[in-house]
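These notes are about the structure you will find just below.
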Amino acid sequence: MNPIIQESSQYADADVIVQARLERVDMQMLDKLVEGLGHLGIVTTTNKAFGEVMIQTTKQCWPDLKKAIENMPFEIEFKPLYADIDLIIKARIDRSEIQMLCKLVEGLGHLGIVTTTNKELGEVMIQTTKDCWPELKEVIGKMPIIVDLI
């Protein structure tokens, strides 16, 4: 298993992206189990029909999260990874609207994940896939908040 590590960004020490495939019926269980581990990572559905997910974590958390996932009560296949599959979009938003952006994006059926990178400046990164980005970008443009892509 070879996770994608975002080496080209200022957050290179923080981000590890792992793609995996599992049975559709087990996707929600994976999500809940990972959330229940004290937020060692975040699971995003990338292709519901094929049971494909993307797991975002940090270099420090990945060893513990990997061990926990391997002991979960279902089979999971870690997929070969390609850097062009995932997108990290940087944006700036009013600080008071960061939580709203997170909730709105989460409510879109996991088209992406919002992570605060600089709370004082209102900077966030939005992790998505190249297949989901066009739809997510359109929806973000229609949100009742101003999101500046940087």
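The values are calculated or read from the model by the stated rules, or taken from the named source; none is laboratory data. Just so we're clear, the structure is a prediction, and the values are computed from it rather than from any experiment. Cβ coordinates were reconstructed from backbone atoms using ideal geometry, including for glycine residues, and neighbour counts include every protein chain displayed.
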Could you tell me whether the stretch 31-42 includes any residue that is more than 30 Å from Ile145 (Cβ to Cβ) and touching a residue at least 24 places away in the same chain (Cβ under 8 Å)?
-> yes
Is it fair to say Asp94 is touching a Gly at 6+ places or on another chain (Cβ under 8 Å) and modelled with pLDDT of 90 or more? yes
Is it the case, given these coordinates, that Thr129 is of a type in the set (Ser, Thr, Tyr), in contact with a Leu (Cβ under 7 Å, 6 or more places away or on another chain) and modelled with pLDDT under 90?
yes
Within the stretch 20-34, of all residues that are under 16 Å from the mean Cα position of the chain (by Cα) and loosely packed, with under 12 Cβ neighbours inside 10 Å, the one nearest to Trp133 (Cα to Cα) is Gln28
